[in-house]
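The values are calculated or read from the model by the stated rules, or taken from the named source; none is laboratory data. Keep in mind it's a predicted model, so treat the numbers as computed, not measured. Cβ coordinates were reconstructed from backbone atoms using ideal geometry, including for glycine residues, and neighbour counts include every protein chain displayed. Each accessible area value is taken on the protein alone, full model and side chains, heavy atoms only, with ligands, DNA and RNA left out. Shrake-Rupley method; radii C 1.70, N 1.55, O 1.52, S 1.80 Å.
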Amino acid sequence: QVQLVESGGGVVQAGDSLKLSCAASGRTFGGYSMGWFRQAPGKEREFVAAITWTVGRTNYADSVKGRFTISRDNAKNTVYLQMNGLKPEDTAVYYCAAKSTYFEIRRGYNYWGQGTQVTVSS
């Protein structure tokens, strides 16, 4: 069974940086896509970024392109989300997700972590 555990959230000021981590376990992840999503209060969960495990192909939401970077460490089975230039509108619970295909990596995830809170004050 795939398990995903996020860490690294916190309270920061606008313009600061944070790096989220997602520790993945339960199987080998070759052939998998890994994603980061977020959900702000009163809003639906939205796609943030994704990466394919083996090749490292990435995809980003327009709202974070140029500020956020997704990466993975295959040896540590960990996916990261480096967030720079944070804005108050980035405030949300951030979720790590996984799925066992390389297609349409912006949607269709079936494994989810418990989430980590990111709060950006102005």
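Key figures for this structure:
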read-out: Residue match in region 24-32 (condition: of a type outside the set (Asp, Glu), touching a residue at least 24 places away in the same chain (Cβ under 8 Å) and in a strand (DSSP E or B)); value: yes
read-out: Failed criterion for GLY108 (all others in (1) touching a residue at least 60 places away in the same chain (Cβ under 8 Å); (2) exposed (fewer than 15 other Cβ atoms within 10 Å of the Cβ); (3) touching a Ser or Thr at 6+ places or on another chain (Cβ under 8 Å) hold); value: (1)
read-out: Single match in SER122, SER63 (criterion: modelled with pLDDT under 95, more than 28 Å from GLN1 (Cα to Cα) and not hydrophobic (A, V, I, L, M, F, W, C)); value: SER122
read-out: Boolean, ARG67 is without any contact (Cβ under 8 Å) to a residue 24 or more places away in the chain and basic (Lys, Arg); value: yes
read-out: Residue in region 40-53 that is touching a residue at least 60 places away in the same chain (Cβ under 8 Å), outside any strand (DSSP E or B), over 16 Å from LEU18 (Cα atoms) and touching a strand residue (DSSP E or B) at 6+ places or on another chain (Cβ under 6 Å) present; value: no
read-out: Among (1) more than 24 Å from GLY10 (Cβ to Cβ); (2) in contact (Cβ under 8 Å) with a residue 40 or more places away in the chain - the single one THR91 does not satisfy; value: (1)
read-out: Count of region 36-47 residues which are of a type outside the set (D, E, K, R) and under 16 Å from TYR111 (Cβ atoms); value: 3
read-out: Residue check for ALA14: closer than 17 Å to TYR109 by Cβ and either surrounded by 13 or more Cβ atoms within 10 Å (Cβ to Cβ) or in contact with a helix residue (DSSP H, G or I) (Cβ under 7 Å, 6 or more places away or on another chain) (or both); value: no
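Residue-wise test of (1) within 22 Å of GLY10 (Cα to Cα); (2) touching a Lys or Arg at 6+ places or on another chain (Cβ under 7 Å); (3) open to solvent by less than 20 Å² (accessible area, probe 1.4 Å).
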{"site": "ALA23", "(1), (2), (3)": "yes, no, no"}
{"site": "ALA40", "(1), (2), (3)": "yes, no, no"}
{"site": "VAL55", "(1), (2), (3)": "no, no, no"}
{"site": "PHE68", "(1), (2), (3)": "yes, no, yes"}
{"site": "ASN77", "(1), (2), (3)": "no, no, no"}
